[in-house]
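The values are calculated or read from the model by the stated rules, or taken from the named source; none is laboratory data. Being a predicted model, the structure only gives us computed values, none of them experimental. All Cβ positions, even for glycine, are placed from backbone atoms using ideal geometry, and neighbour counts span all protein chains on display. Accessible surface areas use protein heavy atoms only, side chains included; no ligands, DNA or RNA. Shrake-Rupley method; radii C 1.70, N 1.55, O 1.52, S 1.80 Å.
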Amino acid sequence: MTAPVSKPDDPALLRIDGPIATITLNRPAAFNAINLAIAQKLEQLAAYLEGADDIRVVVLEGEGRAFCAGGDLQTIGAAAEAGTVTPVVGELLKHYHAFIEVVRRMPKISLSSVHGSAAGAGMGLAFVTDLCIAADDAKFTPAYAKIGVSPDGGSTVGIVGTVGSRRALQIFLAEDNFTAQQAYEWGLVAKTVPATELKAATRKLAERLAQNPPASIAGTKQLVYQAATTPVKQQLDAEEHKIIMAMNTEDFRTAVKKFTSKSK
């Protein structure tokens, strides 16, 4: 499949540099709020990246002053007033949740790079990726309870699996916002860096992740995510299957030869 060609005014942009693909949310005037157009574009880009064998790491970032302000409340509010919220939000989430499903299952590591504000579904997006790096002045805002709704956009998928149910309830119902440092202490952020260093630090981390062979990335990601809900025997069988598959690759044979030659 040919890589999608991004135009400057696309709601989400794709840039590929070797084994690293970067998706940039591109509605800066709306603080990258998620509307139907951006949801459809994200689904399209993710579908391509899932099948792109040469990509090992997918970075998610936001253009402008914010990472992502969450769902587009202008559109959603108008639908609520018109009594069309069910079809409008249903269509939006059909595409956006399809994108989230691909992010979680694709055999590549996803890395969110967060600056400015990440609110509502934008906060969910930051933490539904496999790893998150954040500027030290980034701010995370749950937002849902304040407008009388429950989380969406993968928010409970990423956060509950990381912090547990009690901390998740605290985040969604008792926190107006929290800092990058708090997110780091709770295990939601892998690393915080000064805002001026975020792009360089994101690139460095993405390059480090991309050094892992594809079989290692794919097998590790699948095993880690299924571990919490898989019976022990079934998980052990999965570990056996994945490691033997990886040991039959040229990457493994090369690495073992390199290691054993050093130990002699």
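Taking every pair of Cα atoms in region 153-234, average 1/r, invert it to obtain the Kirkwood radius, and report Rg/Rh to two decimals.
Taking Rg over the Kirkwood Rh, I get 1.03.
Would you mind calculating the relative contact order of region 115-173 from Cα pairs under 8 angstrom and at least 6 residues apart, reporting the percent as a whole number?
41
Tell me, what is the per residue accessible area of the chain in Å², probe radius 1.4 Å?
That works out to 53 Å² per residue.
First compute the accessible area of region 13-144 with a 1.4 Å probe, then give the percent of it belonging to carbon and sulfur atoms.
55
Suppose a student asked you for the relative contact order of the chain, using Cα pairs under 8 Å spaced at least 6 residues apart; what percent would you report?
16
Length gain on complete extension for the stretch S261 to T179, per 0.36 nm per residue less the alpha carbon to alpha carbon distance?
Net length gain for the segment: 24.8 nm.
On alpha-carbon atoms, Rg over Rh for region 1-78 using Kirkwood Rh?
So for region 1-78, dividing Rg by the Kirkwood Rh gives 1.00.
When the chain is modelled as a GNM with alpha-carbon springs shorter than 10 Å, which of G153, G116, G90 fluctuates the most?
Of the options given, G90 has the highest mean-square fluctuation.
Taking the alpha-carbon distance from K204 and a cut-off under 19 Å, which aspartates and glutamates remain once sequence neighbours fewer than 8 residues away in the same chain are dropped?
D17, D54, E61, D130, D136
log10 I(q)/I(0), Debye, Cα-only region 90-199, no solvent, q = 0.12, 0.19, 0.22 Å⁻¹?
-0.38, -0.95, -1.24
Which semi-axes, in whole Å and largest first, does the equivalent ellipsoid of the chain have when worked out from the alpha carbon gyration tensor as the square roots of 5 times its eigenvalues?
Semi-axes, largest first: 33, 21, 19 Å.
Which residues in region 181-223 place their backbone N less than 14 Å from a point set 7 Å from the Cα of T249 along the Cα-to-Cβ direction?
So the set is 209-223.
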